[in-house]
Amino acid sequence: MDINLEIKKRKDSGLFRKRRIVTSPQGAQIDIKGKSFLNFSSNDYLGLANNNKLKLHMVESIKKYGVGSGSSQLMTGHMRPHQLLEKRLSIFFKKEASLIFSSGYHANLAIASTLINKNTVIIQDKLNHASLIDSALLSEGKLVRYRHKDFFHLQKILEKYKNQDLIVMTDGIFSMDGDRAPLRDISKICHKYNALLIVDDAHGVGVLGKRGAGLMEELNLEGEIDLLIGTFGKSIGASGAFIAGNENLIEAFIQKARTYIYTTAMLPALANTIAHAIDLIENSNNLRTHICDLVEHYKKLSKKLELYLSDSNNHIQPIIIGGVNETVRVSEALYEKNILVSAIRPPTVPKDTSRLRISITASHTKKDITLLLNTIKNIQSGDY
C-alpha cells in the first residue's frame, strides 16, 4: 500500500480528518488555540467530565490506590475498586454480573473470542457502530446485516439460519442518527428463535430511563436483553466500558475474552470515581429533564427555520447535508463563528449522507441552541 497516495486521496476527496488540541476541560464551552468555542461535538451528555465532586473523588482515590493497576486483571491488576464498580454496575442495571474493560472497543471486540465460533451467525443492524461490526468481521462466524431497524428483514434472516447458533447485535441509540432500535420487537423475535441478544447502549446510558440506566430501563426490558454493553466515556464522563449479563455469560468473558485477558486493568482510581459517577447519574433526573427540554426547543426552532429535521427525539440530532464538500464547508463556517460541530463523512456514515452531528448536553442552554441553529440557517442561506 502506498501510504502517501492514500493520504493524498483522502485530502482530495474531503475525507481527511484533523485533530484539534483542546486546552480546557470538557464542557459546553471549550478552548482551542486560545479561543472559546461553543461545543456541540462532545458525548459528555450529563456534563460530568468536569464535575467538581468527581474530580475530588479522583484525587482522593489516587492518593489511596496510586496511579496504575500494575498488570492485567487476571494477575494482580484486579483491585478492590474494580470489584466494587462491577458490583455497583450489576445492581444499577439489574443484572447478575458485570465486567469492566479499558474501552468500548475492547468490550465489543471481546465478543469475537468469547461467544462466536465457526457455527455462529451474527446478525447486525446495517448502521451498528464500527466496533460491533469489527467484532463480527474478526471472528470465525458468519456476519449477516439487516436493513436499519427493519424488524421484518431481521425475522427473515433468523428464519433462514434458524438451525444455527444465532447472535443478534444492535445499538440501543444509534450514534450518528440518534434514533432508537425497536428493542421490544427485537427481543420478542430473538426469544422465538433462541437467539442471543446483545445491545450496545453506549449513547442511552445516563440519558434515558428514570434512573439513567438507559433504553433497556426505559422500555422495562432488563430481563430480556442477554448482554448489555455500555461505556464510561459518554454520560458517565470518564473512560472505559462494561458488559452486564448473567453470571455464566460474564464468567465466559473472564476466561476467554482476549481484550480483557491481555491488557492492563483500568486505573483503580478511575474505577472508584466511576462508581461515584453512577451514584450521581441515578439521582440526576433533573439533568435528563433539562436535556429533553433542550431537544424540544431544538426541534421546534429547526422546524420554524426550515432546517433539516431527523426522526430522532433524543440528544443526538443530525443535520444531513449529503455531499462531503458542502458538509465540511458548513462545519468550517461554524468553526469560524466559534461553534464546534463535527462534519461526519464516509465511511462513518453511508455515501451521500454526510452530516453535521449535533450533541445536545445538560451543559447547554436554550440560548446556545438558538445561536447554533440561527448560525446554521445563515450559513446555508449564504448570509455568512
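The values are calculated or read from the model by the stated rules, or taken from the named source; none is laboratory data. Keep in mind that this is a model prediction, so the values were computed, not measured. Note: ideal-geometry Cβ built from the backbone for every residue, glycine included; neighbour counts use all protein chains shown.
Quick notes on this one:
- Restricting the stretch 95-121 to residues that are part of a strand (DSSP E or B) and over 19 Å from the mean Cα position of the chain (by Cα), the residue that is nearest to Ile250 (Cα to Cα): Ala97
- Listed by first and then second residue, the pairs with beta-carbon distance under 9 Å, at least 6 apart or on different chains, first residue in the stretch 253-267 and farther than 20 Å from Ala97 by Cβ, second of a type in the set (A, V, I, L, M), are Leu267/Ile62; Leu267/Val67.
- Pairs linking a residue in the stretch 357-380 that is part of a helix (DSSP H, G or I) to a residue that is crowded, with 19+ Cβ neighbours inside 10 Å and small (Gly, Ala, Ser), with Cβ atoms under 8 Å and 6 or more positions apart or on different chains, are Leu373/Ser302.
- Checking the stretch 215-226 against the condition returns a match, with at least one residue being buried (at least 24 other Cβ atoms within 10 Å of the Cβ) and over 30 Å from Arg345 (Cα atoms).
- Residue tally, condition touching a strand residue (DSSP E or B) at 6+ places or on another chain (Cβ under 8 Å), among the aliphatic types (A, V, I, L, M) and surrounded by fewer than 22 Cβ atoms within 10 Å (Cβ to Cβ), over the stretch 90-115: 1
- Scanning the stretch 243-297 for residues that are of a type in the set (S, T, N, Q) and touching a Ser or Thr at 6+ places or on another chain (Cβ under 9 Å) returns Gln255, Thr259, Thr263, Thr264, Asn272, Thr273.
- Annotation for the stretch 254-262: at least one member residue is outside the structural domain of His315 (by TED's automatic domain parsing), over 19 Å from Ser69 (Cβ atoms) and out of contact with any Lys or Arg (no Cβ under 9 Å at 6 or more places or on another chain).
- Which listed residue, of Thr348, Thr365, Thr327, Thr370, is touching a Lys or Arg at 6+ places or on another chain (Cβ under 7 Å) and polar (S, T, N, Q): Thr327
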